[in-house]
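Here, each number is a calculation from the coordinates, and none is a lab measurement. Bear in mind the structure is a predicted one, so any value in this text is a computation, not a measurement. Positions of Cβ are backbone-derived with ideal geometry, glycine not excepted, and every protein chain shown enters the neighbour counts.
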Amino acid sequence: MFLDGTRKYSYHWQNMHGILIARWDNAPHWSDVSTFPHHLHIGPGNDIVDSNVKSLGDAMEAVKNWQAK
């Protein structure tokens, strides 16, 4: 938990070789994203983008939709 009572989360998705595909989290260190503190790290380059994922169910849905592309 954060000091303000909100829940910390981090959902990590990697391939079978251990290479990051995506990680969703709400650590408050990317204040420039419009969905702050919620954000998405993409790929091994660790690109940071906005994210509306806030639960494990949201992350699983995002993985499902990502793979459908």
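Could you state the angle between the C-alpha long axis of helix 56-68 and the longest principal axis of the C-alpha atoms of the chain, as a value from 0 to 90 degrees rounded to the nearest 10?
Rounded to the nearest ten degrees, it is 30.
For a label point 7 Å from the Cα of Asp58 along Cα→C-beta, name the residues of the stretch 10-34 whose backbone N is under 17 Å from it.
10-13, 22-34
Quote the convex hull volume per residue of the stretch 10-68, based on C-alpha atoms, as a whole number of Å³.
80
Describe numerically, in nm with one decimal, the distance between label points set 7 Å from Cα along Cα→Cβ at Gln14 and at Trp66.
Distance between the two pseudo-spin positions: 1.4 nm.
Which value, in debye to the nearest 20, gives the size of the charge dipole of the chain about its Cα centre, when Lys and Arg are +1 and Asp and Glu are -1 at the Cβ?
Dipole of the chain, to the nearest 20 debye: 220 debye.
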